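K.L.:
Okay, here's the structure, questions in a sec.
What follows is calculated from the coordinates using simple rules that are stated; it is not laboratory data. None of these values were measured; they are calculated from a predicted model. For neighbour counting, all protein chains shown are included, and Cβ atoms are generated from backbone atoms with ideal geometry for every residue, glycine included.
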Amino acid sequence: MINYLIISNLLIILIFIFKLPTLPPELPLFYSLPVGEWQLADSWMIFLLPFILNLMFYINNQILNKYFVNEEIAKKIFHYLNLFLIISFTLIFIKIIFLIS
């Protein structure tokens, strides 16, 4: 599972480097806020998404290793949860970058 996370992080970095020349100084990150300037954030804040992804992956693995060591169903649940997190956060990052650049 860690391999998927590493591949995801590399993909995020490569896409950011590839699209960096066309990125505006502010990106629409906070879609839950009212329309307008409230939704905008500095372009470096796009890295909150991979940071949160890595943090949630780490927390899930810590919970799994501390509380559910011998339970196979819990291991499968955490495995699919981590896979869902990796795919969804990577796709959200890619979609935001390609929509605004």
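K.L.:
Suppose every K and R has +1 on its Cβ and every D and E has -1 on its Cβ; what is the size of the dipole of the chain about the Cα centre, in Debye to the nearest 20?
P.N.:
Roughly 260 debye for the chain.
K.L.:
Write down Rg/Rh for segment 1-49, rounded to two decimals, with Rg from the C-alpha atoms and Rh from the Kirkwood relation over Cα pairs.
P.N.:
1.08
K.L.:
Let me ask something else. What is the calculated FRET efficiency for residue 71 to residue 91, with r their C-beta to C-beta distance and R₀ = 22 Å, to the nearest 0.05?
P.N.:
E(calc), rounded to 0.05, equals 0.15.
K.L.:
Now for a separate question. Over the chain, what is the relative contact order in whole percent, taking alpha-carbon pairs under 8 Å and six or more residues apart?
P.N.:
39
K.L.:
Next up: If I histogram all Cα-Cα distances within segment 56-101 using bins 10 Å wide from 0, what percent of pairs lands in each bin?
P.N.:
26, 39, 20, 12, 3
K.L.:
Which lysines does residue 19 reach when only Cα atoms under 22 Å apart count, and residues fewer than 8 places away in its own chain are ignored?
P.N.:
Those lysines meeting the cut-off are 95.
K.L.:
List the residue ranges in the chain for DSSP H helices whose C-alpha atoms run 27 angstrom or more along the long axis and whose Kyte-Doolittle average is 0.5 or above.
P.N.:
Membrane-span-like by this rule: 48-67, 72-100.
K.L.:
Taking the structure as given and computing Cα extents along the principal axes in Å, which label from (1) 107, 38, 17; (2) 69, 20, 16; (3) 49, 30, 16 fits?
P.N.:
It is the one labelled (3).
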